[in-house]
Amino acid sequence: RPWLAVAIFIFTFGSFLKFESNSFRAEIANVRRNVLMVLWATFGIPLIVILLMSVFRPGPELAQGLLFWSLVPTSPACVAFAAILRLNAPVALLATVAGTAAAPFYIPALAAGLGGYHVDIDPVATCLHLVLLIGGACVAAIVVKRLAGDFVRANPEAMTGIAVLAMFLAGMGSMPGMQAHLLSQPAMTLEFVVMAYLLLFGAEIGGTLLFWRYGRTAALTAGLISGTRTITLAWVVLGNHVMPLADLFLAASMVAKYTAPGLTKSLLARVIAPEA
């Protein structure tokens with residue numbers, strides 16, 4: 001896990017290599033839609049999860065995992081996923097940057113108000129660290145595209161491969177301890193994996209339906225940013241205070257997060273095809 005930041009930097013860098021600035025300028029003009037999507041992914045999802053928790057009343061350890069899964073912002077991996085799935089990468093980037101920049105300011109307040117957790121983080125320093133992480137990846141990608149733009153354009157699969165390899169490493173870095181849980185408590189571990197898939201796909205379906213009027217591609221992108229969370233940030237925020245079952249649920253959520261695009265790619269292609 002100490003190397004997770006490096007993996008995040010690399011897959012964000014790989015995502016930016018596939019990003020075209022012209023498309024961003026065209027999409028950023030749709031201010032109302034973009035603001036609503038970011039607000040929904042950032043604040044709507046936590047409120048829905050809190051509502052579900054009030055109905056099903058999970059234990060305190062699982063409740064911690066569920067709450068912080070919902071509180072963390074849209075993952076930088078969304079940019080790579082959007083490129084791979086042929087969704088709206090500019091919107092995914094906007095949601096990632098906006099949510100990441102705001103996260104250190106709203107997470108402590110919502111954690112205290114919704115779950116009674118005292119999160120001791122320096123919002124300015126954390127915000128600066130996260131923005132530098134994503135901004136640094138963006139600058140590095142711009143430099144590479146300036147110096148080797150022809151190679152980047154001629155090898156799109158290789159650029160995707162950089163992002164996928166780093167996401168694989170990030171997934172591995174999130175798994176310490178999960179193997180022991182799987183061997184000692186296989187039923188509970190599989191239950192948590194199923195729960196993580198249900199939560200992710202539920203958020204994605206809800207976001208898609210909510211923004212369907214903006215077109216299929218935009219709506220599916222809204223779904224993507226709703227269900228794909230920066231789970232690594234939950235570990236950073238909780239630190240040594242993460243409970244064992246919350247830790248297991250977050251690890252299970254990483255499994256769902258990194259496999260969901262592969263499971264849904266062919267279906268999404270068929271849904272988008274009529275619009276194209």
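The values are calculated or read from the model by the stated rules, or taken from the named source; none is laboratory data. Being a predicted model, the structure only gives us computed values, none of them experimental. Reconstructed Cβ throughout: ideal geometry from the backbone, glycine too, with neighbour counts over all protein chains shown. When the accessible area is computed, the model is the full protein with side chains, heavy atoms only, and any ligands, DNA or RNA have been set aside. Shrake-Rupley method; radii C 1.70, N 1.55, O 1.52, S 1.80 Å.
Around the amide H of ARG229, modelled in the peptide plane, lie the amide H atoms of SER75, all under 5 Å away and 5 or more residues distant in sequence or on another chain. With Cα atoms as the point set, the range 94-235 shows a radius of gyration and Dmax of 18.6, 53 Å.
Using θ = phi - 60° in the Karplus curve 6.51 cos²θ - 1.76 cosθ + 1.60, the 3J(HN,Hα) couplings for the range 76-90 round to x, 4, 4, 5, 5, 4, 4, 5, 5, 8, 6, 9, 8, 4, x Hz; x is entered for Gly and Pro. With the dipole of the range 1-131 worked out from charges on the C-beta (+1 for Lys and Arg, -1 for Asp and Glu) around the Cα centre, which of PHE13, ALA101, ASN34 lies farthest toward the positive end? Positive-end residue among those listed: ASN34. Calculation over all alpha carbon pairs of the range 39-177 in 10 angstrom steps from 0 returns a P(r) of 10, 32, 34, 17, 6, 1 percent.
A P(r) calculated from all alpha carbon pairs of the range 1-93, with 5 Å bins opening at zero, reads 2, 12, 17, 17, 18, 15, 11, 6, 2, 0 percent.
In whole percent, what relative contact order does the chain give with Cα contacts below 8 Å and a gap of six or more residues? Working shown, then result.
Details: 351 pairs, mean separation 84.7, N = 276.
So the answer I get is 31 percent.
For TRP69, the solvent-accessible surface with a 1.4 Å probe is about 10 Å², rounded to the nearest 10. Around the Cα centre of the chain, unit charges on the Cβ atoms of Lys, Arg, Asp and Glu (plus for the first two, minus for the last two) sum to a dipole of about 700 debye. Averaging the sequence gap over all C-alpha pairs within less than 8 Å and six or more residues apart, then dividing by the number of residues, gives the range 72-164 a relative contact order of 24 percent.
At a 1.4 Å probe, what is the % contribution of carbon and sulfur to the accessible area of the range 127-222?
Values: 4050 of 5410 Å².
Carbon and sulfur atoms account for 75 percent of the accessible area of the range 127-222.
Here the chain is described by how far its Cα atoms reach on the three principal axes: 52, 40, 38 Å, from widest to narrowest.
Could you sort HIS129, HIS241, HIS118, HIS181 by accessible area so the largest value comes first, with the probe set to 1.4 Å?
HIS118, HIS241, HIS129, HIS181
Residues LYS145, LYS265, ordered by accessible area of protein heavy atoms at a 1.4 angstrom probe radius and largest first, appear as LYS265, LYS145.
Using just the helices of the chain, give the 222 nm mean residue ellipticity in deg cm²/dmol: DSSP H runs with n ≥ 4 each add -39,500 (n - 2.57), and the total is spread over all residues, rounded to 500. Write down the numbers at each step before the final one.
On the way: 14 runs with 222 residues, N = 276.
So the calculated ellipticity at 222 nm is -26500 deg cm²/dmol.
Hey, if we sort TYR106, TYR214 by accessible area with the 1.4 Å probe, largest down, what's the order? Provide the component values of the computation, followed by the final result.
Numbers: TYR106 20, TYR214 60 Å².
Descending order: TYR214, TYR106.
For ASP120, the accessible area of its heavy atoms, probed at 1.4 Å with every protein chain present, is near 130 square angstrom. Taking the charge dipole of the chain about its Cα centre, with +1 at Lys and Arg Cβ atoms and -1 at Asp and Glu Cβ atoms, the residue from PRO60, SER75, PRO274 reaching farthest to the positive side is PRO274.
When the surface is traced with a 1.4 Å probe over the full set of protein chains, ILE48 keeps roughly 80 Å² accessible.
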